[in-house]
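Trainee: Handing you this structure, nothing more for now.
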Amino acid sequence: MIPIKERGRQIVRRLRGEGQGARAKVYTYGGPRIGVALGGGSARGLTHIPYIEAMDEMGVTPSVIAGTSIGALIGAGWANGMTGKELREHSYDVLGTMRIIAARLWGAQIRNIGGLFQNGFTVQLDATRIVEAFLPDGFPDEFSKLKTPLYVVATDYQSWHQAVFSAGPLKQAIAGSIAIPSFFKPVPFANHLLVDGGVVNPLPLDQAAAGTDILVGVDVNGDPSELLNKTDHKALDMWFGAAQIMMHSLTAHMMAAYPPDIYVRPHLQSFGALEFWRVREIVAHVEKDKDNFKRQLAKKIDAFIAHSGEIARAGE
């Protein structure tokens with residue numbers, strides 16, 4: 001067993017970028033267990049990717065991932081072993097232009113593509129087919145095949161409570177988590193009728209917190225700053241804006257109950273909730289925050305190591 005002081009030195013060296021061999025992971029050396037909650041926010045949720053890249057660059061792997069809505073979709077890819085870079089490249093491949101998105105939707109047997117994004121949805125989409133269309137080929141069907149434990153949060157429309165899935169069929173759980181009411185058909189699954197997890201738990205800190213030492217929350221719901229003086233709101237803007245207000249309130253209550261050690265909330269109001277084709281802009285928008293995020297996480301890990309050392313010395 002590696003002495004705790006040496007484990008600490010190894011972790012700190014890796015965080016400082018010393019030793020550039022095969023990518024190390026903090027958990028190889030018995031470091032802190034890190035839980036990451038990835039929130040819902042439709043297209044704005046693509047900003048999860050740079051924060052995942054930041055953890056990759058530090059050599060840090062979470063022990064638990066919890067996701068709501070697009071956070072569940074991206075979190076599933078991460079839990080399956082995809083790096084942040086791979087998630088970025090895949091997002092560019094499947095969302096890079098309206099034409100690419102339309103082709104994917106057409107492949108999912110959605111015929112009413114005209115005006116789908118610009119004028120609002122005129123049909124209810126099948127969330128399960130959407131998940132199949134946009135996940136990488138060969139993606140696992142079961143939670144048990146994932147490399148990192150994943151908790152997917154959806155809303156049970158019949159009981160008005162959250163439904164959390166961490167075992168069994170994976171794609172159906174993700175489909176329920178992304179099923180925005182009125183835009184997607186509710187998803188019948190596991191004795192539930194599921195709709196978007198953001199209705200009850202837009203940032204699932206509760207699911208990422210259990211048994212972890214450092215809790216990270218990535219809130220991609222946006223903020224009202226750029227809309228304060230706007231008056232020409234479209235009906236779809238109002239719908240999503242009202243949902244944002246609701247999710248902001250729910251997140252505040254969740255944070256009071258499960259305070260994250262690191263909380264990031266990028267400013268995303270300039271991006272429409274359905275503007276997935278702006279994926280490159282959305283991802284680039286938070287690039288500047290990666291270094292700050294890494295500093296915060298390194299500080300928390302250093303503090304954990306120092307505290308663990310104090311406990312070990314006290315027990316000697």
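Trainee: If I stretch the segment between Met255 and Ala306 completely, what's the gain in nm (0.36 nm per residue apart, minus their alpha carbon distance), one decimal?
Mentor: This chain segment gains 15.8 nm when fully extended.
Trainee: What does the accessible area per residue of region 165-276 come to in Å², with a 1.4 Å probe and no ligands, DNA or RNA counted?
Mentor: Ligands and nucleic acids excluded, the result is 44 Å² per residue.
Trainee: Can you give the accessible area of Arg104 in Å² (nearest 10), computed on protein heavy atoms with a 1.4 Å probe?
Mentor: About 80 Å², ignoring ligands and nucleic acids.
Trainee: In nanometres, what is the gap between the two model label sites at Ser166 and Ala102, each 7 Å from Cα along Cα-to-Cβ?
Mentor: About 4.4 nm separates the two model spin labels.
Trainee: Then there's this: Output the peptides 74-83, 90-99 sorted from most to least packed, where packing is the average of other Cβ atoms within 10 Å over each peptide's residues.
Mentor: Result, highest mean first: 74-83, 90-99.
Trainee: Next up: What net charge do the residues around Thr212 carry, taking every other residue with its C-beta under 15 Å from that of Thr212, with Lys and Arg at +1 and Asp and Glu at -1? Intermediate results must be reported in sequence, preceding the final value.
Mentor: On the way: positive: Arg33, Lys300; negative: Asp206, Asp213, Asp261.
Neighbourhood net charge equals -1.
Trainee: What is the local net charge at Ala252, summed over the other residues whose Cβ is closer than 12 Å to its Cβ (Lys, Arg +1; Asp, Glu -1)? All intermediate terms of the calculation are to be shown ahead of the outcome.
Mentor: Details: positive: Arg265; negative: Asp219.
Combined, the nearby Lys, Arg, Asp and Glu give 0.
The values are calculated or read from the model by the stated rules, or taken from the named source; none is laboratory data. The structure displayed is predicted, hence computed values, not measured ones. FYI the Cβ positions are ideal-geometry reconstructions off the backbone, even for glycines, and counts take in every protein chain you see. For the accessible areas, the whole protein counts, side chains as well, though only heavy atoms, and no ligand, DNA or RNA atoms are used. Shrake-Rupley method; radii C 1.70, N 1.55, O 1.52, S 1.80 Å.
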